[in-house]
Amino acid sequence: MEPVTTKNESPYTFKPNEFPLFEFQVLAKATDHFFLTETSWDKAGLGKLPEGQEIAVKRLSRASRQGLEELMNEVVVFSKLQHRNLVRVLGCCIEGEERLLVYEYMPNKSLDAYLFDPSKQKILDWKTRFNIMEGISRGLLYLHRDSSPKIIHRDLKASNILLDDNLNPKISDFGLARVFEANEDAAETRRVVGTYGYMSPEYAMEGYFS
């Protein structure tokens, strides 16, 4: 992963007053300790904060160094982004060896649950499918052109598209994202990351992305 940096700053720098920090015990109680049994980076525990807000908590395995870098990358990226088609991160917990991200709760889970489940596919009529495609496109347009800094996701796939109450899509999981400077439009890397089958050919074969 190529970490987020800015001139004269170390990687993973963010301002706590711009990105709320949660206490570990608060999140443990909110999720009834559900996430404490999870070790995979892509697992999340559902819970409710004391004021009643529903949340999803993603916990990093203590054994995963790469996951730590991905979490800090995601913290920095999300602290700079606001768009209706991007999942909202409410804060994080960095306490001792614990590393957690706190997301807004998305009741309809991810898009792949509908695409690959025959019983749910019928819910996705043409109008709903078009709305999902349009929402994903709007989110990508914001990331590639209108956000500051510009962001390349690098792992866009159905399981990283979350759906709200009305099946509106929100792009999630920015752990592998790459930040572009204002004058950058493309880059090359020798370390290709992401999910094969969802990559563009030029990125999968040559490490070129734009």
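The values are calculated or read from the model by the stated rules, or taken from the named source; none is laboratory data. Owing to the predicted nature of the structure, the values given are computational and were not obtained by experimental measurement. Ideal geometry is used to build each Cβ from the backbone, glycine not excepted, and the neighbour counts take in all protein chains shown.
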Check: Any residue in the range 118-137 that is modelled with pLDDT of 75 or more, closer than 30 Å to Gln25 by Cα, out of contact with any Asp or Glu (no Cβ under 8 Å at 6 or more places or on another chain) and surrounded by fewer than 15 Cβ atoms within 10 Å (Cβ to Cβ)?
Finding: no
Next item on the list: Test Tyr203 against the stated conditions and say whether it is at pLDDT below 85, among the aromatic types (Phe, Trp, Tyr), outside any loop (DSSP other than H, G, I, E, B) and at negative phi.
Entry: yes
Margin query: I'd like to verify a number: residues in the range 98-146 that are β-branched (Val, Ile, Thr) and free of Cβ contacts under 8 Å to residues at least 40 places away in the same chain, how many?
Written below: 2
Next item on the list: Hey, can you tell me all the residues within the range 143-182 that are in a helix (DSSP H, G or I) and over 20 Å from Gly194 (Cβ atoms)?
Entry: Arg145, Asp146
Next item on the list: For residues that are surrounded by fewer than 17 Cβ atoms within 10 Å (Cβ to Cβ) and either at pLDDT 90 or above or aromatic (Phe, Trp, Tyr) (or both), tally how many sit in the range 88-104.
Entry: 0
